[in-house]
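Chemist: Can you keep this structure in mind? I'll have questions shortly.
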Amino acid sequence: MSLHVHIPRPHDSEFISRLKALLDSNIKLTVGPDTVPPDDTHVLVGGVPDPEQLRTLSHLKAFVIPFAGVPVKTREIMVDYPQISVHNLHHNAIPTAELAVTLMLAACKLVPFYDRQLRQGDWRSRYDEPTAGIVFGKTALVIGYGAIGKHIAKVCRGMGMKVTAAKRNATESNDGEISLLPLDKLHDVLPKTDVLIIAVPLTTETEGMIGKDELSLLRDGATLVNIGRGLIVDEAALYDELVSGRINAGIDVWYQYPSSVEERQSILPSKFDFEKLDNVVMTPHLAGHSLDTERLRAEAMAALLHAFVSGDYSHNRVDLARGY
């Protein structure tokens, strides 16, 4: 069976060259906005599809989003085309999980605070009462147990932590040494949690799922890590909890983003002063970025397309109703 794949928008040249090298000869690839998708196109690749192409390409079977997550506009468009399956890629799972663990350790160990002090020649923290914690033997709760959450849980277990994972459709069970719980059991496990790691996508169900009540249930000295989306955690409640000094946080996803190139050097990530708090580690939504990103993306895309060739359209398929 042959497969024709069209990528309308330009992508990183490294990604395209790597992808071409990985594809079998029975997969034809066309690229670029100036190239009209041939009538026999089976797969379109992009962030948001062109409705005109969806209407006119009679052989189209799948739309592939070349990153994790599903843009809201894409969901709105694709619900009108149930005959076309929607898929995304999870090539960013390992770098995202690694940053989650990095943020956990940096926040728990107060690394940025100590770094800033020492850069000013201030050694006092070395001689003060210790304030940095450890993670060995502590309990981590990973909310979201997809590709990213599973890798986070595995690494945490490797560091000697007890790990519970919560996911929407879970039943109370075990996945090896990982305890699984449904999301409606969060209030039962939060009081036992030393590290809360959020790795779920943003949907109508997950928006605001961690609010004032949930944060108040965390143990004193707990660490919150968010590599999902900012709006999953109530902005004001999180800021208030951090100002109190009761918990620490490592945050990669935010509430305000640049809307132009000019704003990339001037906009703060929240209307609250997170940047002034010593118990917060901040990164600018780059968990999925790494020097290996385009290689990983090309390998994941090639594997998905080869599955399509064999007639298997089940891999990485998005449930549009759920949004992931």
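Chemist: Could you please find all residues in segment 38-62 being touching a Lys or Arg at 6+ places or on another chain (Cβ under 7 Å), in contact (Cβ under 8 Å) with a residue 60 or more places away in the chain and of a type outside the set (Val, Ile, Thr)?
Modeler: Restricting attention to segment 38-62, the residues satisfying the condition of being touching a Lys or Arg at 6+ places or on another chain (Cβ under 7 Å) are 42-43, 46, 48.
Narrowing the set further to residues that are in contact (Cβ under 8 Å) with a residue 60 or more places away in the chain leaves 42-43.
Selection gives HIS42 alone.
Chemist: Return only the number of the condition from (1) touching a Leu at 6+ places or on another chain (Cβ under 9 Å); (2) of a type in the set (A, V, I, L, M, F, W, C); (3) surrounded by fewer than 21 Cβ atoms within 10 Å (Cβ to Cβ); (4) part of a helix (DSSP H, G or I) that ALA307 does not satisfy.
Modeler: (1)
Chemist: To continue, here is another question. Those residues that are in a loop (DSSP other than H, G, I, E, B), under 21 Å from GLY228 (Cα atoms) and touching a residue at least 40 places away in the same chain (Cβ under 8 Å), I need them from segment 271-301; list them, please.
Modeler: ASN279, THR283, LEU286, ALA287, GLY288, HIS289, SER290, ASP292
Chemist: Answer yes or no: is there a residue in segment 84-96 that is in contact with an Asp or Glu (Cβ under 8 Å, 6 or more places away or on another chain), in a helix (DSSP H, G or I), under 23 Å from VAL225 (Cβ atoms) and not hydroxyl-bearing (Ser, Thr, Tyr).
Modeler: The answer is yes; a qualifying residue exists.
Chemist: Which one of LYS109, LYS167, LYS138, LYS154 is among the basic types (Lys, Arg) and at pLDDT below 95?
Modeler: LYS167
Chemist: Okay, moving on. Say whether the condition of being on the phi > 0 side of the Ramachandran plot and surrounded by 18 or more Cβ atoms within 10 Å (Cβ to Cβ) is met by at least one residue in segment 292-300.
Modeler: No, segment 292-300 contains no residue that is on the phi > 0 side of the Ramachandran plot and surrounded by 18 or more Cβ atoms within 10 Å (Cβ to Cβ).
Chemist: Further question on the same structure: Under 8 Å between Cβ atoms, which residue pairs at least 6 apart in sequence (or on different chains) link something in segment 155-180 that is of a type in the set (Val, Ile, Thr) with a partner that is part of a helix (DSSP H, G or I) and surrounded by fewer than 19 Cβ atoms within 10 Å (Cβ to Cβ)?
Modeler: Within 8 Å, the pairs are VAL155/GLU98; VAL163/ARG157; THR164/VAL189; ILE178/ARG157.
Chemist: Moving on. In segment 260-302, what count of residues is obtained for those that are over 24 Å from LEU238 (Cα atoms) and touching a strand residue (DSSP E or B) at 6+ places or on another chain (Cβ under 8 Å)?
Modeler: So the answer is 1.
Chemist: Would you be able to tell me the number of residues in segment 270-324 that are of a type in the set (Val, Ile, Thr) and under 26 Å from ALA62 (Cα atoms)?
Modeler: Selection size over segment 270-324: 3.
Chemist: For the subset of segment 107-141 comprising residues that are touching a helix residue (DSSP H, G or I) at 6+ places or on another chain (Cβ under 7 Å) and closer than 15 Å to ILE152 by Cα, which member is surrounded by the most Cβ atoms within 10 Å (Cβ to Cβ)?
Modeler: Among those residues, the one meeting the criterion is ALA140.
Chemist: What is the one condition in (1) buried (at least 18 other Cβ atoms within 10 Å of the Cβ); (2) among the small types (Gly, Ala, Ser); (3) farther than 27 Å from LEU202 by Cβ that ALA21 does not satisfy?
Modeler: ALA21 satisfies all of (1) buried (at least 18 other Cβ atoms within 10 Å of the Cβ); (2) among the small types (Gly, Ala, Ser); (3) farther than 27 Å from LEU202 by Cβ except (1).
Chemist: Another question, then. Among the residues of segment 193-217, write down those that are touching a Leu at 6+ places or on another chain (Cβ under 6 Å) and either within 19 Å of VAL101 (Cβ to Cβ) or of a type in the set (Ser, Thr, Tyr) (or both).
Modeler: THR193, LEU196
Chemist: If you check PRO66, PRO33, PRO51, which single one turns out to be at pLDDT below 95, under 22 Å from HIS4 (Cα atoms) and crowded, with 17+ Cβ neighbours inside 10 Å? Steps first, answer last, please.
Modeler: On the way: PRO33 fails: crowded, with 17+ Cβ neighbours inside 10 Å; PRO51 fails: crowded, with 17+ Cβ neighbours inside 10 Å.
None of the others qualify; the one that does is PRO66.
Chemist: Look through segment 156-200, keep the residues that are among the hydroxyl-bearing types (Ser, Thr, Tyr) and buried (at least 17 other Cβ atoms within 10 Å of the Cβ), and return whichever of them is nearest to ASN248 (Cα to Cα).
Modeler: By that ranking, first place goes to THR193.
Chemist: On the given criteria, is PHE136 out of contact with any Asp or Glu (no Cβ under 9 Å at 6 or more places or on another chain), closer than 30 Å to LYS28 by Cβ and of a type outside the set (A, V, I, L, M)? Let's see the steps before the verdict.
Modeler: Working: out of contact with any Asp or Glu (no Cβ under 9 Å at 6 or more places or on another chain): yes; closer than 30 Å to LYS28 by Cβ: no; of a type outside the set (A, V, I, L, M): yes.
Judged against the criteria, PHE136 is not a match.
Chemist: Filtering segment 119-147 down to residues that are aliphatic (A, V, I, L, M) and not in a loop (DSSP other than H, G, I, E, B), which residue is nearest to HIS91 (Cα to Cα)?
Modeler: Here is the first cut: in segment 119-147, the ones aliphatic (A, V, I, L, M) are 132, 134-135, 140-143, 147.
Filter again for not in a loop (DSSP other than H, G, I, E, B), leaving 140-143, 147.
Working: ALA140: 24, LEU141: 23, VAL142: 20, ILE143: 20, ALA147: 9 Å.
Residue satisfying both the conditions and the ranking: ALA147.
Chemist: If you don't mind, there's one more thing I want to ask. Could you check how many residues of segment 233-273 are over 21 Å from the mean Cα position of the chain (by Cα) and buried (at least 17 other Cβ atoms within 10 Å of the Cβ)?
Modeler: Matching residues across segment 233-273 total 6.
The values are calculated or read from the model by the stated rules, or taken from the named source; none is laboratory data. For clarity, every value in this text was computed on a predicted model and none was experimentally measured. Because the Cβ atoms are built from the backbone with ideal geometry, glycine has one as well, and the counts that use them run over all protein chains shown.
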